[in-house]
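*Asks:* Dumping the structure here so I can ask a few things about it.
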Amino acid sequence: MIAITDLLQDERLPGNYFAVDAYIKGDFEAGLLENRRGDRLLALPETLIQAIYTGIDKETGQAAGLVLFNCGRWWGKNFYARFIEEVSDYYSKPLAAMEMVEFLQCLKQCWKTHGWGTFDFDMNYYQQGFLVIKIWNSPFAQQPLQAKPACFLEAGILSAFFSQLTGRQLHCVQTSCESLQADCNRFVLGLPERLKPIAAWLDEGHEHEIIMAWLCRGNT
C-alpha cells in the first residue's frame, strides 16, 4: 500500500517509461527521432529490412542464418545495456530491486514502442528449464530463407538479452513463424546443449507443441 507520506515526499510518481507518446520525441519534419533521454532513434522502413535479408542471403548463402543470429547477439548485448540503464535511472532503483511483474511489463512495452511487435511470455515450460517467448506482428518475420522459421535476428537478440539478464549462456531457437502462416513467432530459450535436438525436428517439419513435448520428455 502507498502511504500518504510517500506521496507528499516524492516529487513524482514514475509512470510507464516506454509509453509511446512520452518516449518517442523529435522533429519529424527534420527527420530526427529521439527517446525521452535525448538518445537518437533510427527508423528502418520495411523495404530496407527486406533488402538486408535478401542481400545477406545472396552474399552468404547457407550461412545467412548464422550471420543474422550473430548480428542479433551483438544488437541484443547493446540493447540490454541500454534497457537496464534507462529503466534503472527512471525508476531510481537497480534491476535486482524491481518486482518481476514490473520488469516484464517494462520489457513488453519497450519491445512494442520500438516497433518490434507485441511481446509475451509462455511460462508453461519454465519448470523444465525452458522459457518460450511469443511475438506477434514482427517486422523481422520476412519471407523465410528456407521452409522453416527464419527470424534469426530476433533469436540472436533474445539469446544475448536473456544471457546477460540471467548470467548464464543461453541459446534461442525459433519454432514457429508468422511468415509460415503460424499465429505468432515462438522462440525457445534454454541451455545450448538442451536445445540441440530442435534443429533436426524443424527439418522434419514438426510443430511447436510437439517439439516442446519432446524437449520436456527428454529433459525430465
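*Asks:* So how many residues does segment 90-110 have that are over 18 Å from the mean Cα position of the chain (by Cα), open to solvent by 50 Å² or more (accessible area, probe 1.4 Å) and aliphatic (A, V, I, L, M)?
*Replies:* 2
*Asks:* For segment 79-115, give me each residue that is farther than 16 Å from residue 157 by Cα and part of a loop (DSSP other than H, G, I, E, B).
*Replies:* Answer for segment 79-115, where residues must be farther than 16 Å from residue 157 by Cα and part of a loop (DSSP other than H, G, I, E, B): 92, 93, 94, 98, 99.
*Asks:* Right, next: Just name the residue that is farthest from residue 73 (Cα to Cα) out of those in segment 177-197 that are in a helix (DSSP H, G or I) and open to solvent by 10 Å² or more (accessible area, probe 1.4 Å).
*Replies:* Top of the filtered list is 180.
*Asks:* For the structure I just gave you, tell me whether residue 200 is in contact with a strand residue (DSSP E or B) (Cβ under 7 Å, 6 or more places away or on another chain), without any contact (Cβ under 8 Å) to a residue 40 or more places away in the chain, more than 28 Å from residue 98 (Cβ to Cβ) and open to solvent by 10 Å² or more (accessible area, probe 1.4 Å).
*Replies:* Spelling it out, it is not the case that residue 200 is in contact with a strand residue (DSSP E or B) (Cβ under 7 Å, 6 or more places away or on another chain), without any contact (Cβ under 8 Å) to a residue 40 or more places away in the chain, more than 28 Å from residue 98 (Cβ to Cβ) and open to solvent by 10 Å² or more (accessible area, probe 1.4 Å).
*Asks:* Here's a check for you: in segment 124-143, which residue that is aromatic (Phe, Trp, Tyr) and not in a loop (DSSP other than H, G, I, E, B) is least open to solvent (accessible area, probe 1.4 Å)?
*Replies:* For segment 124-143, the residue satisfying everything is 136.
*Asks:* Being open to solvent by less than 80 Å² (accessible area, probe 1.4 Å) and without any contact (Cβ under 8 Å) to a residue 60 or more places away in the chain narrows it down to one residue among 113, 54; which is it?
*Replies:* Answer to the selection: 54.
The values are calculated or read from the model by the stated rules, or taken from the named source; none is laboratory data. Computed from a prediction, not measured in an experiment: that's the story for all the values here. Quick reminder, even Gly has a Cβ in these numbers, built from the backbone with ideal geometry, and neighbours come from all protein chains shown. Heads up: the accessible areas ignore ligands, DNA and RNA and are worked out on the full protein's heavy atoms, side chains in. Shrake-Rupley method; radii C 1.70, N 1.55, O 1.52, S 1.80 Å.
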